[in-house]
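Everything on this sheet refers to the single structure shown next.
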């Protein structure tokens, strides 16, 4: 969900962002679930993406090496991803922890380093809604949409 949100924000704000999504427990090449699609469609600002074209991708060390920042929704996702590419660990952060703790007015790499130095906090997780009903998916989408906007404001000013 977060990837589509960032793509929308980048397009709306004219930002030069390249957004790529990957999961920590993805089945390579799977389509988006109907509940995920419907949760995204419930947020009017996201517009009409080609959600049917999405295919899941399992995160790899090379994905991490190419990224300026890697965001995880849950502390366990961040831990998993940091273990894949330990040399890139300072660029892998928990999205809510970033929005709550990143210093303002400094470069992205400084923001990331400051947040990466903090202990991960599972209380800041945006839990994966897998297996839940549509209402939970919609709730998660709403939380992620708020975090995506906060993140973009923090790094773009």
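Please treat every number below as a calculation from the coordinates, not as lab data. Bear in mind the structure is a predicted one, so any value in this text is a computation, not a measurement. Ideal geometry is used to build each Cβ from the backbone, glycine not excepted, and the neighbour counts take in all protein chains shown.
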Q.
I need the shape label for region 59-125. Rule: rounded when a/c is under 1.5, else prolate if a/b > b/c, else oblate, with a, b, c from the alpha carbon gyration tensor.
A. oblate
Q: Would you mind ranking 127, 63, 133 so that the residue whose beta carbon has the fewest other beta carbons within 10 Å leads the list?
A: 133, 127, 63
Q: Taking the chain as the reference, fit the longest principal axis to its C-alpha atoms, fit the long axis of helix 134-156 to the helix C-alpha atoms, and give the angle between the two in degrees, 0 to 90, nearest 10.
A: 40 degrees
Q) Fewest first, what order do 155, 27, 9 take by the number of other Cβ atoms within 10 Å? A) 27, 155, 9
**Q.** Kirkwood-Stokes translational diffusion coefficient of region 2-148, alpha-carbon pairs, 25 °C, 0.890 mPa s, µm²/s
**A.** 154 µm²/s
Q) Could you give the length gained on full extension between residue 13 and residue 104, defined as 0.36 nm per residue of separation minus the Cα-Cα distance, in nm? A) 30.8 nm
Q) By its C-alpha gyration tensor, with a ≥ b ≥ c as the square roots of the eigenvalues, how is region 55-94 shaped: rounded for a/c under 1.5, else prolate for a/b larger than b/c, else oblate? A) rounded
Q. Hey, fewest Cβ within 10 Å first, where do 1, 32 land in order?
A. 32, 1
Q | Separation of the residue 149 and residue 118 label points, Cα + 7 Å toward Cβ, nm | A | 2.1 nm
(Q) Show me the ranking of peptides 72-81, 45-54 by mean Cβ neighbours inside 10 Å, starting with the highest. (A) 72-81, 45-54
Q. Calculated FRET efficiency, residue 65 and residue 38, Cβ-Cβ r, R0 41 Å, to nearest 0.05?
A. 0.75
Q: Could you state the angle between the C-alpha long axis of helix 75-84 and the longest principal axis of the C-alpha atoms of the chain, as a value from 0 to 90 degrees rounded to the nearest 10?
A: 70 degrees
Q) Taking Cα pairs under 8 Å and at least six residues apart, what relative contact order does region 2-148 come out at, in percent? A) 24 percent
